[in-house]
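Report on the structure given below.
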Amino acid sequence: MDDPVSTADHGDADHVGDETTATEKAYWRENTRLLCSLLVVWFAASFGCGILFRDFLDQFSLGGYPLGFWFAQQGSIYIFIVLIAFYAVRMRQIERKYDLDD
Amino acid sequence: METQTLVYIFVALSFALYIGIAIWSRAGSTKDFYVAGGGVNPVVNGMATAADWMSAASFLSMAGILAFAGYDGSVYLMGWTGGYVLLALLLAPYLRKFGQFTVPDFIGTRYYSKAARVVAVICLIFISFTYIAGQMRGVGIVFSQFLQVEITMGVIIGMGIVFIYAVMGGMKGITYTQVAQYCVLIFAYTVPAFFLSFYLTDNPIPQLGLGSQLNDGSGTYVLEKLDNVLVQLGFNAYTDGSKSMIDVFCITLALMVGTAGLPHVIVRFFTVPKASDARKSAGWALVFIAALYTIAPAVGAFGMYNLINKVDDVEYAQVESFFTAWEDAGLYAWQDKNGDGVMQYRPGVAFEGKPEFTGQRGPAGERVISNTPNAESANEVYVDRDTLVLANPQIANLPGWVVALMAAGGLAAALSTAAGLLLVISSSVSHDLLKSTFTPNISAKGELLAARVAATAAIVVAGYLGIYPPGWVAQVVAFAFGLAAASLFPAIFMGIFFKGMNKEGAVAGMVSGLGFTFSYIAYFKLMNPAANTADSWLFGISPEGIGVIGMAINFAVAIGVASFTAKTPLEVRRLVDSIRIPRGAGEARTH
């Protein structure tokens, strides 16, 4: 996620101006890695289970809900909440680790 | 007490509450007016965001859409909640760290360009007006249904209430009234749902009730029964959709990204004290939204089940009073095509268009309509989808105060969203157009006055659109999300994550994304509605989902243009570095 345009087309010379410290760079890298993994879950829960693999999942059921239908109308929403909560807590830890919290 | 009296009491009490809050929280400065002073508790802000977000459409229409669309309705459930994940992870904390007042502020500063700011203002105003006309209409409909007031009068009363707290209190007044409105609307939505769920399944929790067995002793699950009944009548199974997978995929994605790019939602995260609070607040907002959104599928399914049970294959002379009450209101109708005196509910429309009543009564006592029957369908029943939520308490024979509560809840949902939209429109005019672009020497006091004048003007325009809704309003709601997805979201996202994105790239991206999406929707919705079928769509994507392609075009054009134009100036790269780090957010910057 870091800056495909400038690294690809202008070369490293550009980064002379970017006065980020090593800590800030490490912090940002850890943040983007966390973001990517959470977005994978986000995609899998909604687009994966609720849409692309719905037909497959519908052969199982959760109470009276066909499973794919449950993901589309209930499960994905619960998973979204858990994702944001996890991100808020985890980011707090990462910020403290690099002493960059607000 | 009579239901009608209860409705008046409930609505009057809720209005008194909103006005009381408005007087208590008057805005004293531009910072109060734009971002409620920047010190709102994240949980409170989450609740206000939820009220801001859940409009008359969420409260009144969504369960109806789910009931009649079954699985296809999932696009709205996932689309309108999944966007909060994108907001919390990708936008909100950084925009809060940036710390100014509006979305065009960010785009104008990050892309060091007045042109970019003005393009953002145009997107914002277009998106917000499309949305707000529907809200004022919703206010009018609730008034006319429950208070026997003309729609015009209802809209004017609604405008008056919004005027008092939005113009006096700005964001500060809006935030605290939205908290009250959230409480009213969620209470009004959940109480009948609990009753309804208990009435059909013995389980009062609707989310569990929908996955339970019916209490009629048959041991069949609700959804199984609903699937069977619908299939027998010739409909698609409830748990199965009729839209193609690619279309469902694209609509969901366009709604999610559009949600994350809607200015009146983003601006709410400028009001919390810190960047980390913006993350928390987005999480709370989603919790409060989910309270309604996870119940809506149950309300929709139960409503559909009740409707079929109580209407299909029932003699008109024997039908329960809720049907005739809504028929009197002009929102249900029955056309006895086969002359047997029994109502048949089947797939397809019973007749063309909305019912036109002749004023006479037919042989069974029904209101006669003059519409030409649709010979291709055996369906005889017309049901306005938006009535499903409002009719539920009556169908389930709930007490009068529940009906009264629904009226207050529907008004709360419409008013809270209208106020939030008015605020972003007025601040984009006073702050982005006047202060930052055309009259930079305006005093703080003059800017606050301009904001209030702009809010007043916006209320009048919104009210006009509510009273005389242009035919295209209902047709172009897809605009708001598609345009936000194709214009604002990519510009903000790249502003934070791609340091090398420059002004040329961002402006070219926004203009091309917006232009493409606008043309596609305008072509199929306005210019050539006859061609609006899956065969002529690009890749089989309907106008509702085309924002996804618009977004892809925005990204591609922006990255392409940025790669051969001047690189971003040093101070902008430093700005991006500083918004990525949470430390030092402090106060919202005043200029």
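Since every read-out is calculated from the coordinates, none of them should be taken as a lab result. Remember, it's a predicted structure, so these values are computed and weren't measured experimentally. Please note: Cβ atoms are built from the backbone with ideal geometry, for glycine as well, and neighbour counts cover all protein chains shown.
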Loop trypsin sites (Lys or Arg not before Pro), the range B:1-100 (other Cβ atoms within 10 Å of the site Cβ: 14 or fewer; DSSP): B:26
Pairwise Cα inverse-distance average, inverted: Kirkwood Rh of the protein assembly as shown (Å): 26.1
What is the mean number of Cβ atoms from other protein chains located within 10 Å of the Cβ atom of each residue in peptide B:93-103, rounded to a whole number? 1
For the range B:248-328: span of alpha carbons on each principal axis (Å, largest first): 63, 29, 22
Any chymotrypsin sites (Phe, Trp or Tyr not before Pro) in the range A:23-102 that lie in a DSSP loop and have at most 15 other Cβ atoms within 10 Å would be A:53, A:60
Mean shadow area (nm²) of the C-alpha convex hull around the range A:20-97 is 5.9
Span from the the range B:245-316 Cα centroid across to the the range B:318-349 one, whole angstrom: 31
What is the average number of partner chain Cβ atoms found within 10 Å of a Cβ in B:272-283? 4
Helix B:151-162 sits at what angle to the longest principal axis of chain B, using alpha carbons and giving 0 to 90 degrees rounded to 10? 40
Proximal lysines relative to residue B:337, as straight alpha-carbon distance under 25 Å, when same-chain residues fewer than 8 apart are discounted: B:310, B:354
Helix B:74-86 axis, angle to chain B major axis (alpha carbon atoms, nearest 10°): 20
Do any chymotrypsin sites (Phe, Trp or Tyr not before Pro) in the range B:478-577 lie in a DSSP loop with no more than 12 other beta carbon atoms within 10 Å, and if so, which? B:564
Tilt of helix B:570-580 relative to the longest C-alpha principal axis of chain B, in degrees (0 to 90, nearest 10)? 50
Per the charge dipole of the protein assembly as shown (beta-carbon charges, Lys/Arg positive, Asp/Glu negative, Cα centre), the residue among A:68, B:290, B:406 reaching farthest to the positive end is B:290
Report D for chain B in µm² per second (integer): Stokes-Einstein, Kirkwood Rh on Cα pairs, 10 °C, 1.306 mPa s. 64
Taking A:49, B:183 and counting other C-beta atoms within 10 Å, the order from fewest to most: B:183, A:49
Pairwise FRET efficiency - residue B:583 versus residue B:445, Cβ, R0 = 30 Å, nearest 0.05: 0.35
Within 10 Å, at most 14 other Cβ atoms, and a DSSP state outside H, G, I, E, B define an exposed site. Report the longest part of chain B free of exposed GluC sites (Glu not before Pro). B:377-586
Assign unit charges at the C-beta atoms only (+1 for Lys and Arg, -1 for Asp and Glu), then state the dipole size of the protein assembly as shown relative to its Cα centre in Debye, rounded to the nearest 20. 2520
Evaluate 2.2 N^0.38 Å with N set to the residue count of the range B:332-383, then give the Cα radius of gyration divided by it. 1.00
With label points set 7 Å from each Cα along the Cα-to-Cβ direction at residue B:220 and residue B:372, the distance between them in nm comes to 3.8
Using 31 Å as the Cα-Cα cut-off, could you pick out the over-long pairs in B:114/B:445; B:31/B:114; B:172/B:503; B:225/B:525? B:172/B:503; B:225/B:525
